[in-house]
1. Could you please tell me the mean projected area of the C-alpha convex hull for region 249-371, averaged over all directions and given in square nanometres to one decimal?
2. What is the spin-label model distance, in nm, from residue 52 to residue 346 if the labels are put 7 Å beyond Cα along the C-beta direction?
3. Please label the shape of region 95-136 as rounded, prolate or oblate, based on the square roots a ≥ b ≥ c of the eigenvalues of the alpha-carbon gyration tensor (a/c under 1.5 means rounded; beyond that, a/b larger than b/c means prolate, else oblate).
4. Can you check how the C-alpha radius of gyration of region 332-465 compares to 2.2 N^0.38 Å, as a plain ratio?
5. Residue 530 to residue 378: extension gain in nm, 0.36 nm per residue of separation minus the Cα-Cα distance?
6. Compute the separation of the alpha-carbon centres of region 486-519 and region 284-309 and state it in Å as a whole number.
7. Using +1 at the C-beta of Lys and Arg and -1 at the C-beta of Asp and Glu, which of 199, 254, 177 has the Cα lying farthest in the positive direction of the dipole of region 173-256?
8. Say the dipole of region 350-406 comes from +1 at the beta carbon of Lys and Arg and -1 at that of Asp and Glu; which of 396, 406, 383 then lies farthest toward its positive end?
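Quick note: the coordinates plus some simple rules give every number you see, no bench work behind them. Since the model is a prediction, treat every value here as computed from it, not as a measurement. Virtual Cβ from ideal backbone geometry, glycine too; neighbours counted across all protein chains shown.
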Amino acid sequence: MLRSIWRFLMGVKDALVLLFLLLFFVALWGALAFRGPAVKVPDGGALVVSLDGTLVDQATPVSALAALGGGRLAETEARDLIRAIDAAAKDRRVKALVLDLDSFLGGGLANLEGVGRALLRFRAEKKPVFAYATAYADDGWFLAAHADEIWLNPNGAVFLTGPGGTGLYLKGALDRLKVDVEVFRVGTFKSAIEPFTRSEASPEARAADQMLVDDLWAAYQAGVRRARPDLDVKALVEGMPARVKGLNGDLATLARDIGLADRLGSRLAFVARVREVVGAGEEEGRADALNGIGLGAYLSTLGPEGAKGDVVALVHAAGAIVDGEAREGQAGSQSVTDLIEDALADERVKALVLRIDSPGGSATASDVIRDALMAARARGKPVVASMGPVAASGGYWIATGAERIWAEPSTVTGSIGVFGIIPTFGRTLASIGITADGVGTTPYSGQPNLVEGLNEPARDLVQAGVADVYRRFIRLVAEARKLEPAAVEPIAEGRVWSGSRALELKLVDGLGGLDAAVADAGKLAGISGEVRVKPFRQPRPWFETLIEKGDLVRVGARAGARSGPDALGRLVLAERLRLAGVVASALEAVRGPSVQAACIGCAAFRPVGAGVQPALARAAESAAWRMP
């Protein structure tokens with residue numbers, strides 16, 4: 001009786017929650033439907049870019065629960081930002097650009113390079129760029145370096161650390177838990193499995209990783225030199241310990257004195273400086289207001305892309321590559337191929353660009369996406385791959401389906417290798433008194449045995465499968481890059497390369513961002529004049545669209561209410577999210593298919609938090625159905 005009453009009460013509660021959600025979104029829709037005139041760009045104003053959270057290739061969809069409770073990291077898509085900056089550069093109504101980096105947690109260096117080039121194009125139109133933050137770390141300062149004026153709070157600091165950091169090795173914990181891990185691999189450098197089998201990096205993996213981070217550091221410095229030719233970042237960072245040790249003043253003053261900041265001042269002082277250029281706008285009486293328009297509002301005035309004429313289709317493959325369907329934030333083989341088919345069905349589509357930001361995943365899923373690209377080429381459509389921050393292992397596998405491949409110098413790519421991983425729990429269960437026994441009819445009966453471990457015939461079978469997939473991977477790369485398999489072998493074996501190194505090794509055709517890949521695709525397709533892009537994406541949740549529209553209502557800009565973490569706090573938060581991304585990738589490897597083309601360590605080079613965002617979204621959805 002009590003149980004029935006409890007179930008009835010829980011049912012009533014669930015119904016009320018659903019009713020509340022429905023009423024909330026109906027009210028939001030009503031408010032937006034009657035919000036008044038369309039957004040207008042103020043004359044002589046600033047484009048105010050307040051970067052919250054991370055800069056990503058493709059944002060993770062917002063769940064209803066996360067939308068209401070804020071249970072997600074904010075994300076800005078790099079292409080949206082670049083599109084807005086380029087449009088504003090030619091827009092006579094926009095007089096300046098403001099970069100508010102107080103809440104910016106970072107982005108992959110490849111995307112930062114693209115935004116940096118857009119900022120330089122904006123400045124080439126004789127329009128100033130102003131940047132402000134309470135404190136700067138590597139990614140935020142990289143963008144700020146492209147501004148005319150870098151403003152730093154007097155209580156802040158600039159902490160540049162350079163690429164690199166520690167990885168997590170789980171062998172000791174697995175030994176304590178008495179979990180055995182069966183691993184299968186081919187090649188010297190497939191270090192994806194090392195976190196499960198070692199307590200530290202192997203000498204081979206350490207050497208490869210050092211070369212990679214050295215290349216990325218060189219790319220970072222080159223990007224800064226393009227914006228500030230007289231600044232030697234490497235010398236400044238290497239000399240920082242001595243300067244800090246003998247410091248008599250504060251860190252902010254030090255940053256200004258050595259050229260890492262141009263001006264010191266509070267946020268209100270920064271706003272006052274920008275107002276000298278663009279004015280105060282409609283809220284002149286407020287000290288924190290300026291004449292400007294936010295990024296979301298400005299994008300809403302640009303209209304849809306690719307609405308007319310011949311176009312190049314843009315499809316994203318972002319996140320872990322998984323079998324079947326997946327929401328944006330993961331590259332589901334069926335979901336990506338469906339978008340490719342949608343693009344090919346459009347008569348105005350003359351070529352296809354696949355934008356890749358993925359550390360890989362399922363080998364079978366990678367092959368499905370590659371097959372879809374090859375089918376597009378067989379139908380006469382040029383296909384070009386554009387690599388974002390990471391396009392490694394399975395991410396490189398799908399790139400071999402393209403006629404040409406573009407990467408940024410800082411793209412993390414390669415990792416041409418496969419592995420298999422199967423954890424077994426016999427010793428764990430035995431420690432609490434659980435054992436196993438049984439019978440079989442063949443050497444493979446009951447295999448893989450997750451309790452007692454795999455037997456030798458099963459191990460040989462799995463290893464043969466891994467080796468077979470690896471040979472296919474080598475053959476695909478050789479055919480795509482017009483190389484002999486023997487020439488691919490030394491640069492494969494799971495080794496990770498930078499984009500600049502990949503160009504030397506003939507793994508990519510050119511260095512450049514998405515715009516370079518689009519221009520190349522347009523040229524291959526014979527499109528004359530301006531090459532228009534039409535993105536093909538999954539349908540977005542209606543509540544997400546409503547929430548975004550709600551963000552567009554305010555045109556004026558205020559810049560006084562935000563405040564970011566201190567310099568040390570920013571570094572700690574970024575490191576926590578980086579490690580969380582690595583852990584999420586390791587967990588995906590354990591729960592994923594038995595044969596994978598994945599680069600676990602590459603998660604550290606994707607936008608901060610991008611590796612855990614899909615997991616956060618799934619957790620939020622799960623919680624929505626399990627409300628007690």
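1. 13.6
2. Calculated label separation equals 2.9 nm.
3. oblate
4. 1.48
5. 52.2 nm
6. Centre-to-centre (Cα) distance: 37 Å.
7. The residue sitting farthest along the positive end of the dipole is 254.
8. Farthest towards the positive pole: 383.
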